[in-house]
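J.: Got a structure for you, questions after.
The values are calculated or read from the model by the stated rules, or taken from the named source; none is laboratory data. From a predicted model like this one, the values you see are computed outputs, not experimental measurements. Surface areas here come from the heavy atoms of the whole protein model, side chains and all, with no ligands, DNA or RNA. Shrake-Rupley method; radii C 1.70, N 1.55, O 1.52, S 1.80 Å.
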Amino acid sequence: MDWGSMLTFDPDGLSWAQRDGDACVICHKRWPRPRVRVGRFPDDTHVLACNDCADSLTPAPRATVVSFRGR
Ligand SMILES: [Zn+2]
């Protein structure tokens with residue numbers, strides 16, 4: 001599932017670093033550098049978060065991916 005297309009963030013309350021992808025959009029942490037796309041801004045810029053915050057943002061952990069047995 002592509003969560004990046006589901007969440008839109010309002011850049012108004014964010015710092016330039018967060019808007020630039022230099023800091024986590026949730027916890028403002030700059031190191032380790034946020035690498036997970038968690039959404040986008042209205043102008044289609046990617047919103048990045050660190051792994052911890054991305055985990056808390058995405059309601060469905062990867063582990064819930066089930067294999068469908070069609071036959
Ligand atoms: Zn974070």
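J.: For the range 3-58, what D do you get in µm² per second when you plug the Kirkwood radius from alpha-carbon pairs into Stokes-Einstein at 10 °C and 1.306 mPa s?
T.: 149
J.: Provide 31, 16 ordered by accessible surface of protein heavy atoms (probe 1.4 Å), highest first.
T.: Working: 31 205, 16 155 Å².
Heavy-atom accessible area, descending, gives 31, 16.
J.: Rounded to the nearest 10 Å², what accessible area does residue 10 show when all protein chains are kept and the probe is 1.4 Å?
T.: 100
J.: Kindly sort 40, 69, 19 by accessible area of their heavy atoms, largest first, with the probe set to 1.4 Å.
T.: 69, 19, 40
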